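Let me begin by presenting the structure, written as structure tokens, before commenting on it.
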Amino acid sequence: MWWDERVSARFRRNLQPTLTYWSVFFSFGLCIAFLGPTLLDLRCQTQSSLSQITWVFFSQQFCLLLGSCLGGVFKRTLAQSLFALFASSLAISLVFAIIPLCHNVVVLAVVMAVAGLAMGCIDTISNMQLVKIYQKDSAVFLQALHFFVGFGALLSPLIADPFLSDTNCILSNSTANASSNLPHIRKSLVPHHPGNLSHYDLPMKGMVVTRVSYAFWIMALINLPVPIAVFFLLYKERMVPCFNSSSHPLLSADELAMETRPTEKDDLSTAVQRPQAAGGHDDLFSCCQSKNFRGASYTYFAVHITGALVLFMTDGIVGEYSGFVYSYAVEEPLSVVHKVAGYLPSLFWAFITLGRLISIPVSYRMKPATMVFINVVGVLITFLLLLIFSHSVVFLFVGTASLGLFLSSTFPSMLAYTEDILQYRGCATTVLVTGAGIGEMVLQLLVGSIIHDRGSYSFLVCGMIFGGLAFTFYAFLLFFHRMYPKPSADLDDASPDKPAITDDTGQYQR
């Protein structure tokens, strides 16, 4: 195997929870990408205008960010985390089943807000739990976790495509004129950003003819095994009511031999501290309490802030690029035909998914810090080349694929690197997830307004600036890493700078 036996033994011991967290992240991906291609059919279903229906995007994204901030609340015990994941994954299946019954745009926005909250909780809790289980070995498992997001994001549009209306799904006297714009509008509705669609006039009254309900019911069925898998994990851990007796399997002789460290001679007090090894991963509001800052050095805060700023930029690039690359391609000077330009967001997400798959074995052989460096430099060089060859349609496709590859592993690599710097203390997971979510929302709005005022060329200029800022913040993170206090027995127990005592057995702690 391409990894060593120690990591393999830890993976086998935590196989069920690891696979469960991966499957829950598949739900996240399935839910994040379906809204763009189905939004026109949902507009028909709710008989609303384009400007009204695009508020559904905002309700989902805003509540996703809110859910990411609140997700850390449920980390205090394993039972709370698993029950939150069970409720969130089940809520996503229910949302898919309920969407066809929403005939009012406000009701649809509320339902998508619930889905956003569930997605935010999944995002924070799954990352936290994998870091807790694998700690210094978490990089490869985080890469796999984020691969499943991309896989789900690719699958849901494919499921929806056969059921999308070929012509305008509200039949009226103006249907013929409106239908000619339909392919252009639908390609503008990419997973992250609806674009500026206010100048399109589609009928709001008439007979509704859409089959998109079948797509949502299929996705609800596909997602249903995920909450079932979480429930089985709860049952195995004896956390289901009436089955709450604890029972932990013993390590086999071979696993024990590989997991045992020279720390066997540690005293009893050290052994008692080990269940607290993964502590410190609080929700965003708990992180801001003054008691968590006592005794902390400035580098403790600097690592959190610079790590979050790197992801603010890189995840923001993911959102703004996937949202506006189509609009950029169809405008001057490229003037790509709408059907061809429609492949660009799909190509971008396909290479993000491919990059995450490739990063799974690569992350075991390469340090997270090195992977992040390659990612931010690659993003910067790609945008530079896109600016140089801004009149080349071929290079736009090549650059889109390259950008997807370089951005694919940035989040899990940065999360693993930052947690490693902080010795799995502090609030790195929550702060980084929140920073990435804010960046995805803010940079989309910023780039959209700049393109509207300055023209399509500013799309690449913005990307270049954001890539440069990501590299700058990463350089600051490397500097603060060198300044961060090394593990020392003299550090005070209450200090956030005190290193965590890692549990090398890799046992699934309650």
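The values are calculated or read from the model by the stated rules, or taken from the named source; none is laboratory data. Because the structure is a prediction, the values reported are computed rather than measured. Cβ coordinates were reconstructed from backbone atoms using ideal geometry, including for glycine residues, and neighbour counts include every protein chain displayed. For accessibility, only protein heavy atoms count, side chains too; no ligands or nucleic acids. Shrake-Rupley method; radii C 1.70, N 1.55, O 1.52, S 1.80 Å.
Residues that are open to solvent by 10 Å² or more (accessible area, probe 1.4 Å) and over 22 Å from Y326 (Cβ atoms) do occur in region 37-45. Checking every residue in region 473-490 against the condition of being open to solvent by less than 40 Å² (accessible area, probe 1.4 Å), at pLDDT below 90 and more than 17 Å from A428 (Cα to Cα) gives zero matches. When each of A97, A113 is tested for being more than 20 Å from V226 (Cβ to Cβ), at pLDDT 90 or above, surrounded by fewer than 22 Cβ atoms within 10 Å (Cβ to Cβ) and not acidic (D, E), the lone residue that passes is A113. If you filter region 347-359 down to residues that are among the β-branched types (V, I, T) and open to solvent by less than 30 Å² (accessible area, probe 1.4 Å), you find that the one that is modelled with the highest pLDDT is I352.
Evaluate the following for Y326: is it in contact with a helix residue (DSSP H, G or I) (Cβ under 8 Å, 6 or more places away or on another chain), aromatic (F, W, Y) and closer than 30 Å to Q135 by Cα? No, not satisfied. Among the residues of region 4-36, the ones that are open to solvent by 20 Å² or more (accessible area, probe 1.4 Å) and within 30 Å of W55 (Cβ to Cβ) come to 1 in all. Residues that are in contact with a His (Cβ under 7 Å, 6 or more places away or on another chain), crowded, with 24+ Cβ neighbours inside 10 Å and in the same structural domain as G316 (by the TED database): does region 396-405 have at least one? No, region 396-405 contains no residue that is in contact with a His (Cβ under 7 Å, 6 or more places away or on another chain), crowded, with 24+ Cβ neighbours inside 10 Å and in the same structural domain as G316 (by the TED database). Each residue in region 293-337 was checked for being more than 20 Å from I450 (Cα to Cα) and either in a helix (DSSP H, G or I) or open to solvent by less than 20 Å² (accessible area, probe 1.4 Å) (or both), and 15 of them qualify.
Out of curiosity, is Q80 touching a strand residue (DSSP E or B) at 6+ places or on another chain (Cβ under 9 Å) and either open to solvent by less than 20 Å² (accessible area, probe 1.4 Å) or assigned to a helix (DSSP H, G or I) (or both)? No, not satisfied.
Per this entry, I133 is counted among residues that are assigned by the TED database to the domain that holds Q52 and open to solvent by less than 20 Å² (accessible area, probe 1.4 Å). Of all residues being open to solvent by less than 30 Å² (accessible area, probe 1.4 Å) and of a type in the set (S, T, Y) in region 447-472, which is modelled with the highest pLDDT? Just the residue, please. Looking at the filtered set, the residue picked out is S458. Report yes if S408 is open to solvent by 10 Å² or more (accessible area, probe 1.4 Å) and small (G, A, S), otherwise no. The answer is no for S408.
Conditions tested, residue by residue: (1) of a type outside the set (G, A, S); (2) within 23 Å of L154 (Cβ to Cβ).
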residue	(1), (2)
V7	yes, no
S27	no, yes
Q47	yes, no
A84	no, no
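Taken together, the criteria exclude I99 from residues that are of a type in the set (A, V, I, L, M, F, W, C) and closer than 23 Å to A428 by Cβ.
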